[in-house]
1. From the residues in segment 3-16 that are among the small types (Gly, Ala, Ser) and modelled with pLDDT under 90, which one is surrounded by the fewest Cβ atoms within 10 Å (Cβ to Cβ)?
2. Here is a check on your reading of the model: is Ala71 touching a helix residue (DSSP H, G or I) at 6+ places or on another chain (Cβ under 8 Å) and more than 29 Å from Leu22 (Cα to Cα)?
3. Residues of segment 116-158 being more than 19 Å from Arg25 (Cα to Cα), modelled with pLDDT of 95 or more and not charged (D, E, K, R), which ones?
4. Restricting to segment 86-118, give me the number of residues that are surrounded by 14 or more Cβ atoms within 10 Å (Cβ to Cβ) and either polar (S, T, N, Q) or at positive phi (or both).
5. Please find, among Ser43, Ser98, the residue that is small (Gly, Ala, Ser), within 25 Å of Ala144 (Cα to Cα) and either touching a residue at least 12 places away in the same chain (Cβ under 8 Å) or in a helix (DSSP H, G or I) (or both).
6. Looking at segment 58-84, which of its residues are assigned to a strand (DSSP E or B) and more than 20 Å from Ala35 (Cβ to Cβ)?
7. Among the residues of segment 17-29, is any surrounded by fewer than 14 Cβ atoms within 10 Å (Cβ to Cβ), at negative phi and of a type in the set (Ser, Thr, Tyr)?
8. Restricting to segment 71-81, what's the tally of residues that are of a type outside the set (Asp, Glu) and either open to solvent by 80 Å² or more (accessible area, probe 1.4 Å) or within 16 Å of the chain's Cα centre (by Cα) (or both)?
Amino acid sequence: MDGEVDWSKDTALRLERGVQRLRNRLRSESGMYGAGLTLTQVSVLANVLEHGPVTAARLAELQHVTPQAIAQSLTALKAADLVVSESDPGDRRKILISAAPSARELYASWVGRRMAFLVRAMEQIPEHEREDTERAVRLLERLADAGADARADTHPDAGPDATGDGI
């Protein structure tokens, strides 16, 4: 049993480091660092793109942060002309946040660059290892979903992108 625990801990550490290295590489390849946005701001922008038009309160829920934190991110995104706000036509007391057209273009370029990098990297995988790669992807998907039901009830960062960066 101890051997299994040691294997599991060692493998978990290597997996965590590998995933972090890949995430950093994807961010670098995407060109998102050149936009001058923090990872939190990128994550807020991703949520506006996915869920918008949306209220700041809903964004705070999606990000699992305070309304004050969302206000700071939205201020930066507005200054960069990536989001716009307008009154909700159904309830003038509410303000809805939407993505500017430039935000869609910018985000799409980041995704395109990430996918281009992954395709290039995967093309370097020898034919005899491609089936292993498919199995590894399925395993990573299962690991990402492991305990998701329990986590959603108890963990403050639970959600579709609990990494907080949208990337």
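The values are calculated or read from the model by the stated rules, or taken from the named source; none is laboratory data. In this text, all values refer to a predicted model and were calculated from it rather than measured experimentally. Positions of Cβ are backbone-derived with ideal geometry, glycine not excepted, and every protein chain shown enters the neighbour counts. Calculation scope for accessible area: heavy atoms of the full protein, side chains included, ligands and nucleic acids excluded. Shrake-Rupley method; radii C 1.70, N 1.55, O 1.52, S 1.80 Å.
1. Top of the filtered list is Gly3.
2. Yes.
3. Answer for segment 116-158, where residues must be more than 19 Å from Arg25 (Cα to Cα), modelled with pLDDT of 95 or more and not charged (D, E, K, R): Pro126, His128.
4. 2
5. Ser43
6. Selection gives nothing.
7. yes
8. Residues flagged as of a type outside the set (Asp, Glu) and either open to solvent by 80 Å² or more (accessible area, probe 1.4 Å) or within 16 Å of the chain's Cα centre (by Cα) (or both) within segment 71-81 amount to 5.
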